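Below you'll find the structure, written out as structure tokens, and then a few comments.
The values are calculated or read from the model by the stated rules, or taken from the named source; none is laboratory data. As the structure is a prediction and not an experimental result, all values here were calculated from the model. Here Cβ is always computed from backbone atoms with ideal geometry, including for glycine, and neighbour counts include all displayed protein chains. For accessibility, only protein heavy atoms count, side chains too; no ligands or nucleic acids. Shrake-Rupley method; radii C 1.70, N 1.55, O 1.52, S 1.80 Å.
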Amino acid sequence: MKLFRIPRSPKVYLDVVKLLAIVMVVFNHTGNSGYKMYLDVSAEPAHTLMLAFSALIKIAVPLFFMASGALLLGRDEPYGTVLVRRVLRFALVLLAASLFFYWDGLGAREAFSLPDFLDGLYRNTLTGHLWYLYSYLCMLLLLPFLRRLARGMTAREAVLLAVVYQAAQLLTVADYALYQGTAAHTGYLSFFVAADYVVYPLLGYHIDNLKDDEREETGYILLFLSILAIAGTCVLMKWRMGVDGGWTNANREACMGRLSLIPAVTVFCGLKRLFDRHPVTGKAAGALFVLGSCTFGVYLLDPKWRQFTQGVRTALTPSIGLYGATLVHVLCAVLLGLAATLAWKCLAGLGHAGLQAALMRVKSRESAGE
């Protein structure tokens, strides 16, 4: 009995991309205990190192969108299938997860309020981390159009797309340099490709279809540009802090992610090249595929996995410090989430297999009776 439908030739690098990205996502949610600790630590070089690491962490969502583009944009599906099998499914997941966190957040004396819940669902105020599902739904709704764009774009056009996106990302930085928050560029100066759920799936599709015949120096150039991008993020963050006279709620993440495109592309390309040259097959490939398929469950209930493993951070902080303890805490939360999601999938698979077996027995009895 097979509990998981593992492809004959799974794209192992995409599973590794998802596993790496989910660790980054969970760390991104640790606040001042980890991801934003650069706000509280001013001593050098610790401040800059923490800032640089947090800048690297921001490639998590781009990696997920790129993996989705590599997996989905090459398929052919009627729009009705997209709406039912993909959009409706994830809309129901968003509804169920939002309801769970709304109910979990109710106090002992508070009563469930449907208008209050629907308002929070509409405005995404129930739990912050579910914002990604709203963006993912937008990508799924646009899937047929993105597929046409992906197949019609050349490699040069994909590079131009990345350049336009990067320019759009820096417009807000230019705004603050010119007006210090009192004004901004005209809203008519906008690009439809500036949305993460548009550009990153398209880039993921094109990178996935690249053959490993690039020059060796391409990887080194991307790595060098990525280091510059992370260093540039640190410079921009410190510049913004200096202009504002210190860290504020408005500037603590103001420039984070503005230069994430190149590091994200570098990691995605690097992992693809690594596994193209050193392929993983057999049971190892199957295991990575199964773990990669469990990352969504880690993301969906991330606040709970971190809550259940918080004792790890508390126990380790006196010996290795809060930052190190938070890193271990993140790994434990991810492992717990993977294990719980895997267990759920196994139970669901057993239930599905049992139902199919029962239906087969009924059909065989009916055939025998005839």
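Name the one entry in Leu63, Leu49 that is modelled with pLDDT of 95 or more and surrounded by 18 or more Cβ atoms within 10 Å (Cβ to Cβ). Walk me through it before giving the result.
On the way: Leu49 fails: surrounded by 18 or more Cβ atoms within 10 Å (Cβ to Cβ).
Result of the check over Leu63, Leu49: Leu63.
Might you check whether a residue that is free of Cβ contacts under 8 Å to residues at least 12 places away in the same chain and touching a helix residue (DSSP H, G or I) at 6+ places or on another chain (Cβ under 7 Å) occurs anywhere in the range 141-149?
No, the conditions are met nowhere in the range 141-149.
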**Report entry** Hits in the range 163-185 (condition: touching a residue at least 40 places away in the same chain (Cβ under 8 Å) and more than 13 Å from Pro201 (Cβ to Cβ))
**Finding:** Gln166, Gln169, Leu170, Thr172, Val173, Tyr176, Gln180, Gly181
Query raised in the report: Going by the conditions given, is Ala357 at pLDDT 95 or above, surrounded by fewer than 19 Cβ atoms within 10 Å (Cβ to Cβ) and part of a helix (DSSP H, G or I)?
Result: no
Query - Flag for Lys283 being among the basic types (Lys, Arg), surrounded by 15 or more Cβ atoms within 10 Å (Cβ to Cβ) and under 29 Å from Arg5 (Cα atoms) - result: no
Query raised in the report: Which condition does His278 not pass, out of (1) touching a Leu at 6+ places or on another chain (Cβ under 8 Å); (2) farther than 17 Å from Lys36 by Cβ; (3) open to solvent by 60 Å² or more (accessible area, probe 1.4 Å), if it passes all the others?
Result: (1)
Query raised in the report: For the range 150-167, which residues satisfy the criterion of being assigned to a helix (DSSP H, G or I) and not aliphatic (A, V, I, L, M)?
Result: Arg151, Gly152, Arg156, Glu157, Tyr165, Gln166
Report task. Those residues that are more than 22 Å from Gly204 (Cα to Cα) and touching a Cys at 6+ places or on another chain (Cβ under 9 Å), I need them from the range 48-89; list them, please. Result -> Thr48, Leu51, Ala52
Report summary line: The number of residues in the range 1-48 that are under 23 Å from the mean Cα position of the chain (by Cα), under 15 Å from Leu322 (Cβ atoms) and not aromatic (Phe, Trp, Tyr) is 7
Query raised in the report: Looking only at residues in the range 306-331 that are in contact (Cβ under 8 Å) with a residue 60 or more places away in the chain and more than 15 Å from Met50 (Cβ to Cβ), which one is surrounded by the most Cβ atoms within 10 Å (Cβ to Cβ)?
Result: His329
Query raised in the report: For the range 114-128, how many residues meet the condition of being open to solvent by less than 40 Å² (accessible area, probe 1.4 Å) and not hydrophobic (A, V, I, L, M, F, W, C)?
Result: 2
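Can you tell me which residue within the range 246-263, out of those that are outside any loop (DSSP other than H, G, I, E, B) and in contact with a Ser or Thr (Cβ under 7 Å, 6 or more places away or on another chain), is surrounded by the fewest Cβ atoms within 10 Å (Cβ to Cβ)?
Step by step, filter the range 246-263, then rank; the result is Ile262.
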Report summary line: If you go through Gly80, Gly105, the only one that is touching a residue at least 12 places away in the same chain (Cβ under 8 Å) and out of contact with any helix residue (DSSP H, G or I) (no Cβ under 9 Å at 6 or more places or on another chain) is Gly105
Query raised in the report: Looking at the range 27-46, which of the residues that are in a helix (DSSP H, G or I) and polar (S, T, N, Q) is most open to solvent (accessible area, probe 1.4 Å)?
Result: Asn32
Report summary line: In the range 105-126, residues that are assigned to a loop (DSSP other than H, G, I, E, B), farther than 12 Å from Leu95 by Cα and either β-branched (Val, Ile, Thr) or under 30 Å from the mean Cα position of the chain (by Cα) (or both) total 2
**Report entry** Selection status of Leu140, of a type in the set (A, V, I, L, M) and surrounded by 13 or more Cβ atoms within 10 Å (Cβ to Cβ)
**Finding:** yes
